[in-house]
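A.B. asks: Below you'll find the structure I mean.
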Amino acid sequence: MKQVFLATIFLFFVAPIFAQFDFCPKVSYGLTRLEIDPTDFETASRPSYSIGADFRMGDRLYFNPGVFYHVMNYYLVDISETGFGNPVEDIVGVKCLKIPGYLGFKLVDGDNFRLRAYGGGTFYQRLGINKEEFGLSKDVFQRRFWGADAGLGFDIFFITFDFRYEWGQAGIYKDLPETKYTTFEVSAGLRLF
């Protein structure tokens, strides 16, 4: 009986939100910066990228989940080596599964142009890193972390663009909770269906 009641609630209240459905494959380019450098290192932002797709479910008010392969790149300088000559430098890329979930509102909802505002969060699952210099391994980084997001997007015909800012809510290094990050990201893709 409980399942029938929940299914009825879903059909009458939740299902109409999903009456309109857009599938959007996208690529993105961003810059990520740590708020506080880890001990014995200095960092600088480097280009990061994502490839994947998101889904928009709803009409004027919509739910926007997605799945992306994401690489956050950091330029690291080992400042503990500065007394022994030139500092050791490298770029470390943290490979992640990126799962955003946003709630959005279409500020302009025309046939060939839409302007959207949205916010929510992004969950990351660490997959690995592309460098293991300085004795770093993937285990130095958090397995899971997340950020709070706000963004604006627009659609012109079937092309979609987004501008998003993210505030990391957890330190990316496992033993350094103060190494939170910020990201500015631009994405482009296609709006299908």
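A.B. asks: Being among the β-branched types (Val, Ile, Thr), open to solvent by less than 50 Å² (accessible area, probe 1.4 Å) and more than 17 Å from Thr43 (Cβ to Cβ) is true for just one of Thr183, Thr122, Thr179. Which residue is that?
C.D. replies: Just a single option satisfies the conditions, and that option is Thr122.
A.B. asks: Another question, if that's okay. Go through the range 151-160 and count every residue that is part of a strand (DSSP E or B), closer than 16 Å to Asp111 by Cα and either among the aliphatic types (A, V, I, L, M) or out of contact with any Leu (no Cβ under 9 Å at 6 or more places or on another chain) (or both).
C.D. replies: 2
A.B. asks: Hey, any hits in the range 90-111 for a residue that's of a type in the set (Asp, Glu), surrounded by fewer than 18 Cβ atoms within 10 Å (Cβ to Cβ), modelled with pLDDT under 90 and part of a strand (DSSP E or B)?
C.D. replies: Yes, the range 90-111 contains a residue that is of a type in the set (Asp, Glu), surrounded by fewer than 18 Cβ atoms within 10 Å (Cβ to Cβ), modelled with pLDDT under 90 and part of a strand (DSSP E or B).
A.B. asks: Find the residue count for the range 29-48, including only residues that are open to solvent by 60 Å² or more (accessible area, probe 1.4 Å) and at pLDDT below 95.
C.D. replies: 8
A.B. asks: Quick one: which of Ala170, Ala148 is touching a Phe, Trp or Tyr at 6+ places or on another chain (Cβ under 8 Å), outside any strand (DSSP E or B), open to solvent by 10 Å² or more (accessible area, probe 1.4 Å) and small (Gly, Ala, Ser)?
C.D. replies: Being touching a Phe, Trp or Tyr at 6+ places or on another chain (Cβ under 8 Å), outside any strand (DSSP E or B), open to solvent by 10 Å² or more (accessible area, probe 1.4 Å) and small (Gly, Ala, Ser) holds for just one of Ala170, Ala148, which is Ala170.
The values are calculated or read from the model by the stated rules, or taken from the named source; none is laboratory data. What you see is a predicted model, and the numbers here were worked out from it, not measured in a lab. Glycine gets a Cβ as well: all are built from the backbone with ideal geometry, and neighbour counts include every protein chain shown. Only protein heavy atoms, including side chains, enter the accessible area calculation; ligands, DNA and RNA are left aside. Shrake-Rupley method; radii C 1.70, N 1.55, O 1.52, S 1.80 Å.
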